[in-house]
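The next block holds one structure in the form of structure tokens; read it before the comments.
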Amino acid sequence: MSIDAITATDDSAATALTEEEIFSAHQGGKLSVTSTVPLSNKRDLSIAYTPGVAEVSRAIHAKPELARTLTWAERLVVVVSDGTAVLGLGNIGASASLPVMEGKSALFKTFGDLDSIPLVLNTTDVDEIVETLVRLRPSFGAVNLEDVSAPRCFELEEKLIEALDCPVMHDDQHGTAVVALAALTNAAKVTGRGLEGLKVVVSGAGAAGIAVAEILLAAGITDVVLLDSRGIITGGRADLAADPASKKADIAARSNPRGLTGGPAEALAGADVFIGVSSSKLDEAHLATMNQDAIVFALSNPDPEVLPQVAVKYAAVVATGRSDFPNQINNVLAFPGIFRGALDAGARRITPAMKLAAARAIAELAAEDLSADYIVPSPLDPRVAPAVTAAVAAAVEAE
């Protein structure tokens, strides 16, 4: 797709984006650091820097916990990537990923009022990344992993959670999962059903697909079937039996309760929900075999697994990851509030209960005006981040 073909939607109308507009906005990057204290005279300098700053350093040396309130570290989120799975561009490396990570940091500030800096690393070695962040730990308060390829992203997140005493979350996994659950909660209401009885097919068993399956199971949905490039994920598959410690083998043991085998045709026949988080296309003939009042979330960007104008012929509710169609499943609904709530409450981990609380909060914001074309609030809705923050903080207190 050319740059000129991309569109953006605001509350007024869709407008074409031009190369000049895009590149002009990125000149010099999208971030800067500003001082929170005045520096206009010698007294200001003496307070903010020498000699006054020495008093603060001595105090932190005597009581390290004071760093939480006397520096920005414990309110700083680092957006970390190795550039191996950037948007739909794939493995483009650290430098090329930096504009994306700058954008993520800008979103943290705008929507969560959290300071954030991008850290792109010239290594794809999991242990090297972990060691780097362990050494940098005094400088930040939380880690947002971004655009790290699967299956390495699973190992990296797990090792960082164990190594660091602060919130760590891979947003490509869990942000997507939280918003997908919020949207599905409301889509089920629109079609007059409860979550628990839904038959759900998740296409894609990478970072996002497995996280979506995990949160659906945690929410009480028992009939979840995953598809990867080889077909339905089931414990009987030879490749999974050969690697019993893999994430796919683990999820195979806890999903697909009807023991389905085969591919998309077998998975979608009689299904209630399709959630696409891969580049695979959804065959219209398979879509037609889903149950009445089907729910279709075609979340691949920029090209959905099936276009909404096709999906609506068979589905009662359709969502995508794009801003130019109704029901955008956008991670920005989740991650600013999740991290803000975790940091506000002093949490050292982001737990499943916190993610479920975030999904409920997002769903509730759309509940009053619920319709087939409005199952989640807008990413620009100013109520979202505060509501998610409060819900996550409450979940921390309840644990």
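Bear in mind that the values in this text are calculations on the coordinates, not laboratory data. Only a predicted model underlies this, so the values are computations on that prediction, with no experimental measurement involved. Cβ atoms come from the backbone with ideal geometry, glycine included; neighbour counts cover every protein chain shown.
Of the residues 243, 82, 44, which exhibits the maximal mean-square fluctuation in a Gaussian network model of the chain defined by a 10 Å Cα contact cut-off? With Cα springs under 10 Å in the chain, the top fluctuation among 243, 82, 44 is at 44.
Across the range 169-240, Cα pairs under 8 Å and at least six residues apart give a relative contact order of 32 percent. Considering only 385, 358, 242, the mean-square fluctuation computed in a Gaussian network model of the chain, springs between alpha carbons under 10 angstrom, is largest for 242. The range 252-299 and the range 127-174 have their alpha-carbon centroids 32 Å apart.
Given R₀ = 22 Å, what would the calculated FRET efficiency be for residue 269 paired with residue 307, taking r from the Cβ atoms and rounding to 0.05? That pair, residue 269 with residue 307, gives E of 0.50.
Take the Cβ-Cβ distance between residue 284 and residue 370 as r, set R0 to 22 Å, and report the resulting FRET efficiency rounded to the nearest 0.05. It comes out at approximately 0.20. Highest mobility in the GNM of the chain, judged by mean-square fluctuation with C-alpha springs under 10 Å and restricted to 299, 114, 136, is found for 136.
Counting only residues at least eight positions apart within a chain, or on another chain, the lysines with an alpha carbon under 28 Å from that of residue 189 are 199, 281, 313, 355. Sparse packing (at most 14 other Cβ atoms within 10 Å of the Cβ) combined with a DSSP loop state is found for the following trypsin sites (Lys or Arg not before Pro) in the range 304-343: 313. Here the spin labels are modelled as points 7 Å beyond Cα on the Cα-Cβ line, and at residue 162 and residue 136 they lie 2.2 nm apart. Compactness check for the range 183-255: Cα Rg over 2.2 N^0.38 Å is 1.15. Legend: calculated FRET efficiency, residue 35 to residue 56, from the Cβ-Cβ distance at R0 = 25 Å, rounded to 0.05, equals 0.95.
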